[in-house]
Amino acid sequence: MQYVSTRGALEPCGFVDAFLMGLADDGGLLVPETIPYVEKSTLEKWRTLSYQDLAFEILSLYTNNEVADEDLKKLIQESYATFRHEHITPIKKINDTLYILELFHGPTFAFKDIALQLIGNLYRHVSKDHEHIIHIIGATSGDTGAAAIEGVRGKEGIKICILHPHEKVSKVQELQMTTTADENVLNLSVRGNFDDCQRMVKQILSNPDWKEQYHLRAVNSINIVRILAQMIYYFYAYFRVCEQNKDAELQFHVPSGNFGDIFAGYLAKKMGLPVGPMLLATNENDILHRFVQTGLYEPTTFKQTYSPAMDIQIASNFERYLYYLCEENGQTVADYMQHFQQHGNIKIEEHKLNIVQKDFLSASIHKNPCMDTIKHYYREYDYLLDPHTACGVAAIEDDTKDKTIVSLATAHPAKFDDVIARCDIEQSFPQEIAQLEHKAQQMDIIDNDLEQVITKITQFFA
């Protein structure tokens, strides 16, 4: 198994090199050179596996034997030992049509834990066994930062710097990031939005001199291991639902801002997971929805919404899908991305749009429908959705009654109590979240300025 860049100007590399590189040195994103196809007989063998054993079977297809089986199994066991549910990503049946895939049972109560607990332990393994210095930099719209910090805090040989948009994440998300007292953690609160944070991180990581000088590594979903780790729960959910309904025709609904979560599902389908088109649910920041509907990928005015982790205008992982849409032609992708950089948009041809619309459905859920959905499911089913999960559930339409919907629950509702309170719902808080408000915060508030960020990380990683 080798990895190549979406822009085609990078020699194929192995698993560890791809993991450490994060953003490809030619500015693209790394993808597997080939995607292993899983036969039906193998799927049958996988049906009864625990989450951890399934994770080993899938990840070992991509590690190129660069992580010994015994080490990989240990990494997986350690990563999911911190989860509060024995099934790691349990399925909750809501009604005859809808199942919720609960992805919030990790230490920071968000789906990002599933990949970032593994990545934190993998960075520790690589740092120790390969004697690499690990300095991590990432941007977050809320959940990635807390999960990444939790994954590496206190780990010897690792430092992490996270950028988040100042006052544009929920209070709980901010507290989870900034109440960590470990000396290997730096939080930068940027006066801007998530796209500003993401842009500066990409600029830093795309500079080979800075990358080498400061030993910089990526923790955002630009790191291919994030995607590989997220594929697992699509398979696991499929097996669990089929236990209850063996003839189910599954359709996944995926709240998405940066396209990483749904791209993981797309790769799972390419591996042979037998499910229908996936529904991509956005909020008012609907660049991905508009792309699926029209073939035009173009940012519009940023909107602050009730689902802040999806308040994203430029989706990093879109380029990975573009690579497969362009039949794995890196030069074509490079041309598209150059046009995007110069003109601010990408317009695909009609025949490509036809492919997109076979791969994905889409919906844009605004504030009122989001809140109405939270109220309805709490009243009718005594089930409380967070505002991101509600976007995926709100996209269920009458014509899906012949399908079984698996909607991804990306975060615990306690992380967004300001929105839940707007729905006139009073919720109880897990102890880990309730105690955050009593802790001191540590963060540096800075302008939306690349030079300020570079100065901060230079001092921190020195």
*Nitroxide proxy distance, nm - points 7 Å out along Cα→Cβ at Gln304 and Asp444*: 2.4 nm
_When the expected Rg is taken as 2.2 N^0.38 Å, what fraction or multiple of it is the alpha-carbon Rg of region 92-168?_
1.35
*Separation of alpha-carbon centers, region 256-272 and region 347-372, rounded to whole Å*: 14 Å
*asked:* I need to check one value: relative contact order of the chain, counting alpha carbon pairs closer than 8 Å and at least 6 residues apart, in percent.
replied: 20 percent
*Dividing the convex hull volume of the Cα atoms of region 213-263 by its residue count, what figure in Å³ per residue is obtained?*
78 Å³
*Write out the trypsin sites (Lys or Arg not before Pro) in region 378-421 meeting two conditions: DSSP loop, and at most 13 other Cβ atoms within 10 Å of their Cβ.*
Lys401
*asked:* Per-residue counts of other Cβ atoms within 10 Å, averaged by peptide: what ranking do you get for 161-171, 381-391, highest first?
replied: 381-391, 161-171
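For a Förster distance of 41 Å, can you work out the FRET efficiency between the beta-carbons of Lys128 and Ala9, rounded to the nearest 0.05?
The computed FRET efficiency comes out at 0.80.
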*In µm²/s, what is D for region 1-110 at 37 °C and 0.692 mPa s, where D = kT/(6 pi eta Rh) by Stokes-Einstein and Rh is the Kirkwood radius from Cα pairs?*
200 µm²/s
*How large is Rg over Rh for region 262-321, taking Rg from the Cα atoms and Rh as the Kirkwood inverse mean of 1/r across Cα pairs?*
1.00
*Calculate the tail of P(r) for region 310-372: the fraction of all Cα-Cα distances greater than 13 Å, expressed in %.*
72 percent
_Using only the alpha carbons of the chain, what is the convex hull's orientation-averaged projected area in square nanometres?_
20.1 nm²
*Local electrostatic count at Asp129 - Lys and Arg +1, Asp and Glu -1, tallied over other residues with Cβ under 11 Å*: -1
*Report the Stokes-Einstein translational diffusion coefficient (µm² s⁻¹, integer) for region 8-47, Rh taken as the Kirkwood radius over Cα pairs, at 25 °C with viscosity 0.890 mPa s.*
201 µm²/s
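Ratio to report: Rg/Rh of region 354-443, with Cα atoms as the point set and Rh obtained by the Kirkwood method; give two decimals.
On the Cα set of region 354-443, Rg over Rh gives 1.07.
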_Between Gln2 and Ala68, what is the label-point separation in nm under the 7 Å Cα-to-beta-carbon projection?_
2.7 nm
*If you take every DSSP beta bridge whose two residues both sit in the chain, what share of them, in percent to the nearest 5, is antiparallel?*
25 percent
_Percent of Cα-Cα pairs more than 17 Å apart in region 130-199, please._
37 percent
*Which order do the peptides 176-189, 449-462 take when ranked by the mean count of other beta-carbon atoms within 10 Å per residue, highest first?*
176-189, 449-462
*For region 16-76, just the Cα set please: Rg and Dmax, both in angstrom.*
13.9, 42
*When only Cα pairs under 8 Å and 6 or more residues apart are kept, what is the percent relative contact order across region 331-462?*
16 percent
*Pull out the extension gain between Thr42 and Arg191, defined as 0.36 nm times the separation in residues minus the alpha carbon to alpha carbon distance; nm, one decimal.*
48.7 nm
*Is it possible to state the helix-based mean residue ellipticity at 222 nm for the chain, with each DSSP H run of 4+ residues giving -39500 (n - 2.57), the sum divided by total residues, to the nearest 500 deg cm²/dmol? What is it?*
-13500 deg cm²/dmol
*Could you tally the net charge around Asp69, taking each other residue with its Cβ under 13 Å from the Cβ of Asp69, Lys/Arg +1 and Asp/Glu -1?*
-3
*What area, in nm² and to one decimal, does the C-alpha convex hull of region 213-329 cast on average over all directions?*
9.8 nm²
*Stretched out fully, how many nm does the piece from Glu327 to Ala181 gain, at 0.36 nm a residue minus the Cα gap?*
47.9 nm
*Alpha-carbon Rg with Dmax, taken over region 302-410, Å*: 17.4, 52
*If a helix is a whole DSSP H run, which ones in the chain reach 20 Å or further along their own axis (Cα) and hold a mean Kyte-Doolittle hydropathy of at least -0.5?*
112-129, 224-244
*Can you pull the one-decimal nm distance between simple spin-label points at Asp96 and His376, each 7 Å off the Cα toward Cβ?*
1.8 nm
*Length-normalised contact order of region 80-172 in % [C-alpha pairs under 8 Å, at least 6 apart]*: 24 percent
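Rank-order 308-319, 264-275, 122-133, 341-352 by packing density, defined as the average count of other C-beta atoms within 10 Å over each peptide's residues, highest first.
308-319, 264-275, 122-133, 341-352
FYI, it's all coordinate maths here, none of it is from the lab. Predicted model, so just to flag it, every value in this text is computed and none were measured. With ideal geometry, Cβ positions are generated from the backbone for all residues, glycine too; neighbour counts draw on all protein chains shown.
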